[in-house]
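These notes are about the structure you will find just below.
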């Protein structure tokens, strides 16, 4: 029964994500869940840990801030409209209330004089610093002291065939304990399905930017490649890596150091590449077990489409 409730709420989340640019009616959202409108809001809050209104507002703002950073050629007004806000003034007010900074300050953090705290901290305990969104501003933290040019040189473009996946979502986002627990369950499922652990191809689908989204709210799905005809039952789900062109960059280091490489891929390599990200989450393909080796080896994948 619990899994059925979670499945219905995940349908609601997918609906919201697909319609963030539109005016979202709470009655329509409740209808998607197939729960009574009188009880839907309590069920959503119980499962997701925040109200429907808060979820929609947070996701719109997170999407908008990522656009401010990675789509510098688009005006703040256009980003406001594309994010479901009626005007740039309403957008600026909402951004400042949530993050503590205006859209202009987020785009130009070197002009910020005083540290500020927005609702993001009071609601989720997350301190937001615009400079964290720009990897080249923190030279001492670049992976293995590599320059941006080094990172650019490591990016290769690969054509992938479609691959079927068995997936399991992390209950608490990017929190390491939750991630490891999720992988332990999925790896065990794979062994029981006849896929030896050393033969399992392990991909994580990472949907959110942890510099913007609270860690426990970031959506993370562990996945292993499976045959198309394999049986998959709840709580595991079937998904697919779509065929297409992917930017791939290799990483070796500590798990907490991956963010700079990921941000550099988006903010430094992509704008010069002639491509833009396609509508598929960033993937991490794990090549070792960090708990055993003391470091992480992986490949970071971003699906591409032509500009």
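We did not get these values from a lab; they are worked out from the coordinates using the rules stated. Computed from a prediction, not measured in an experiment: that's the story for all the values here.
Relative contact order of the chain, please, whole-number percent, based on alpha carbon pairs below 8 angstrom and at least 6 residues apart.
Relative CO of the chain lands at 15 percent.
In whole Å, how far is the Cα centre of region 161-225 from that of region 42-68?
22 Å
Can you give the relative contact order of region 2-49 as a percent, counting alpha carbon pairs under 8 Å and 6+ residues apart?
Details: 24 pairs, mean separation 18.4, N = 48.
Reported relative contact order: 38 percent.
Per DSSP H run of n ≥ 4, the term is -39500 (n - 2.57); total these for the chain, divide by its residue number, and report the mean residue ellipticity at 222 nm rounded to 500 deg cm²/dmol. List each step's numbers first, then the result.
Working: 13 runs with 125 residues, N = 307.
Counting only the DSSP helices, I get -12000 deg cm²/dmol.
Using only alpha carbon positions, build the gyration tensor of the chain, then give the equivalent ellipsoid semi-axes as the square roots of 5 times its eigenvalues, largest first, whole angstrom.
Numbers: eigenvalues 179, 152, 64 Å².
After scaling each eigenvalue by five and taking roots: 30, 28, 18 Å.
Taking Rh as the Kirkwood radius computed over C-alpha pairs, what is the Stokes-Einstein D of region 1-47 at 37 °C in a medium of viscosity 0.692 mPa s, expressed in µm² per second? Can you show the working numbers first?
Numbers: Rh = 10.7 Å.
Translational diffusion coefficient: 306 µm²/s.
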